[in-house]
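Chemist: Have a look at this one.
The values are calculated or read from the model by the stated rules, or taken from the named source; none is laboratory data. For clarity, every value in this text was computed on a predicted model and none was experimentally measured. Cβ: placed from backbone, ideal geometry, glycine included. Neighbour counts: every protein chain shown. Note: accessible area is taken over every heavy atom of the protein model, side chains too, but ligands, DNA and RNA are not part of it. Shrake-Rupley method; radii C 1.70, N 1.55, O 1.52, S 1.80 Å.
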Amino acid sequence: MESPEGYWASRAALEWQVEMGADEAMLDAPADRYAASAEEAKPQAAIAPAQPARPPIPEPAPAVDAPAMARAAAARAATLDELREAVSGFDLCELKRGAKNTVFSDGNAAARVMIVGEAPGREEDIEGRPFVGRAGQLLDRMFDAIGLSRTSPDAQSAVYITNVSPWRPPSNRTPDAAEIGMLLPFVQRHIELIDPEVVVMVGNTPCQALLGQTGITRLRGNWTQVLGKPALPMFHPAYLLRNPAAKREAWADLLALKARLKS
Ligand code: URA
């Protein structure tokens with residue numbers, strides 16, 4: 001039989017355990033305290049430190065289809081001013097980065113003849129007008145010789161001038177095929193809006209853009225069609241400055257143009 005002291009000591013110990021939250025005398029299954037203490041004794045390093053929550057990985061930006069954007073921008077332009085704005089606001093062509101100005105066009109928008117060149121050079125980039133350097137001065141003299149001028153207010157004797165690229169390429173290099181393809185919708189829309197009687201392509205780049213062909217020595221002087229209009233490939237005036245002997249063929253082409261406009 002337990003002594004009264006023993007009883008009170010056991011009862012005090014039990015009450016203390018109840019106060020500490022022990023409300024069950026035993027568990028359903030036996031607890032292996034040896035295994036539990038081995039687990040507690042494991043070194044802290046073995047427990048993976050809590051990782052900070054990772055920020056969600058952003059979705060990759062959708063690839064921009066620059067030629068499709070150019071086609072859509074060109075198609076939306078209903079007037080020449082809208083096309084000028086669309087070209088100036090088009091930021092997806094690398095050539096624009098190095099250029100000071102967007103060189104859109106010059107001349108009389110009602111002209112019968114539309115001349116398409118390659119791209120602005122240094123002077124054109126500075127001035128913001130096509131064909132104002134040495135090659136441009138020769139171009140003016142060539143067309144003056146058959147009675148056509150960019151400054152003529154009379155549509156009959158006027159020309160309108162633009163380029164495949166409205167931006168000067170770095171070091172005056174030729175625009176590459178991807179750049180030409182991207183800018184083509186703007187040139188085509190430009191021709192549609194001006195609606196000239198005849199398109200003159202000077203040099204290889206406009207032939208590559210509008211005919212899908214190069215080889216200006218073979219192409220020049222041969223009438224063809226661009227967007228359903230009579231079109232004439234000619235030597236570029238910069239080529240004529242370097243090869244004055246080719247001016248003879250250029251003169252023959254100018255006379256063929258003059259004859260076409262009379263008919
Ligand atoms: N060459 C071109 O093709 N275009 C210009 O505007 C000037 C030089």
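Chemist: Being away from the ligand (no atom under 14 Å from the Cβ) and surrounded by 14 or more Cβ atoms within 10 Å (Cβ to Cβ) is the filter; apply it to segment 93-111 and report the residue that is nearest to residue 125 (Cα to Cα).
Modeler: Step one: filter segment 93-111 for residues away from the ligand (no atom under 14 Å from the Cβ), giving 93-94, 96-98, 108-111.
This time we only want the ones that are surrounded by 14 or more Cβ atoms within 10 Å (Cβ to Cβ), so: 93-94, 96, 108-111.
Working: 93: 16, 94: 15, 96: 11, 108: 20, 109: 21, 110: 25, 111: 24 Å.
So the residue we want is 96.
Chemist: Return the residues of segment 155-195 that are more than 18 Å from residue 69 (Cα to Cα) and in contact with a strand residue (DSSP E or B) (Cβ under 7 Å, 6 or more places away or on another chain); say none if nothing qualifies.
Modeler: Here is the first cut: in segment 155-195, the residues more than 18 Å from residue 69 (Cα to Cα) are 155-163, 168-176, 191-195.
Matches in segment 155-195: 157, 158, 159, 160, 161, 162, 163, 191, 194.
Chemist: Please state which one of 226, 200 is in contact (Cβ under 8 Å) with a residue 12 or more places away in the chain and closer than 19 Å to residue 70 by Cβ.
Modeler: Values: 200 fails: closer than 19 Å to residue 70 by Cβ.
Going through 226, 200 in turn, the sole match is 226.
Chemist: Restricting to segment 116-138, name every residue that is within 8 Å of the ligand (Cβ to nearest atom), touching a helix residue (DSSP H, G or I) at 6+ places or on another chain (Cβ under 6 Å), closer than 15 Å to residue 203 by Cα and not small (Gly, Ala, Ser).
Modeler: 118, 130, 131
Chemist: When you go through (1) surrounded by 20 or more Cβ atoms within 10 Å (Cβ to Cβ); (2) in a helix (DSSP H, G or I) one by one for residue 233, which number turns out not to apply?
Modeler: Only one criterion is unmet by residue 233, namely (2).
Chemist: Pick from 260, 220, 248, 189: which is among the charged types (D, E, K, R), touching a Phe, Trp or Tyr at 6+ places or on another chain (Cβ under 9 Å), modelled with pLDDT of 95 or more and away from the ligand (no atom under 16 Å from the Cβ)?
Modeler: Numbers: 220 fails: away from the ligand (no atom under 16 Å from the Cβ); 248 fails: touching a Phe, Trp or Tyr at 6+ places or on another chain (Cβ under 9 Å); 189 fails: touching a Phe, Trp or Tyr at 6+ places or on another chain (Cβ under 9 Å).
Answer to the selection: 260.
Chemist: When you go through 214, 162 one by one, which is the residue that is of a type in the set (S, T, N, Q), within 13 Å of the ligand (Cβ to nearest atom), free of Cβ contacts under 8 Å to residues at least 60 places away in the same chain and not in a helix (DSSP H, G or I)?
Modeler: Values: 214 fails: within 13 Å of the ligand (Cβ to nearest atom).
That would be 162, the only listed residue that is of a type in the set (S, T, N, Q), within 13 Å of the ligand (Cβ to nearest atom), free of Cβ contacts under 8 Å to residues at least 60 places away in the same chain and not in a helix (DSSP H, G or I).
Chemist: Does residue 175 satisfy the condition of being open to solvent by less than 10 Å² (accessible area, probe 1.4 Å), away from the ligand (no atom under 13 Å from the Cβ) and assigned to a loop (DSSP other than H, G, I, E, B)?
Modeler: On the way: open to solvent by less than 10 Å² (accessible area, probe 1.4 Å): yes; away from the ligand (no atom under 13 Å from the Cβ): no; assigned to a loop (DSSP other than H, G, I, E, B): yes.
Here the answer is no, as residue 175 does not meet what is asked.
Chemist: List the number of the failed condition for residue 233; all other conditions in (1) of a type outside the set (A, V, I, L, M, F, W, C); (2) touching a Gly at 6+ places or on another chain (Cβ under 7 Å); (3) within 14 Å of the ligand (Cβ to nearest atom) hold.
Modeler: Going through (1) of a type outside the set (A, V, I, L, M, F, W, C); (2) touching a Gly at 6+ places or on another chain (Cβ under 7 Å); (3) within 14 Å of the ligand (Cβ to nearest atom) one by one, residue 233 breaks only (2).
Chemist: For segment 178-214, name all the residues that are touching a Cys at 6+ places or on another chain (Cβ under 7 Å) and either crowded, with 17+ Cβ neighbours inside 10 Å or among the β-branched types (Val, Ile, Thr) (or both).
Modeler: Residues of segment 178-214 that are touching a Cys at 6+ places or on another chain (Cβ under 7 Å), as a first pass: 179, 182-183, 201, 213-214.
179, 182, 183, 201, 214 - these are the residues of segment 178-214 that are touching a Cys at 6+ places or on another chain (Cβ under 7 Å) and either crowded, with 17+ Cβ neighbours inside 10 Å or among the β-branched types (Val, Ile, Thr) (or both).
Chemist: Here is a follow-up. Looking at segment 68-80, is at least one residue surrounded by 14 or more Cβ atoms within 10 Å (Cβ to Cβ), within 16 Å of the ligand (Cβ to nearest atom) and modelled with pLDDT of 95 or more? Show your work before the answer.
Modeler: So the first thing to find is which residues in segment 68-80 are surrounded by 14 or more Cβ atoms within 10 Å (Cβ to Cβ), and the list is 69-71, 73-74, 77, 80.
After this cut, where a residue has to be within 16 Å of the ligand (Cβ to nearest atom) as well, the list is none.
Within segment 68-80, not a single residue is surrounded by 14 or more Cβ atoms within 10 Å (Cβ to Cβ), within 16 Å of the ligand (Cβ to nearest atom) and modelled with pLDDT of 95 or more.
Chemist: For segment 117-127, state whether one or more residues are more than 20 Å from the chain's Cα centre (by Cα), surrounded by 15 or more Cβ atoms within 10 Å (Cβ to Cβ) and closer than 21 Å to residue 255 by Cβ.
Modeler: Yes, segment 117-127 has at least one match.
Chemist: Could you say which residue among 159, 87 is at pLDDT 95 or above and under 21 Å from residue 250 (Cβ atoms)? Walk me through how you get there before you give the answer.
Modeler: Working: 87 fails: under 21 Å from residue 250 (Cβ atoms).
Of 159, 87, the one residue that is at pLDDT 95 or above and under 21 Å from residue 250 (Cβ atoms) is 159.
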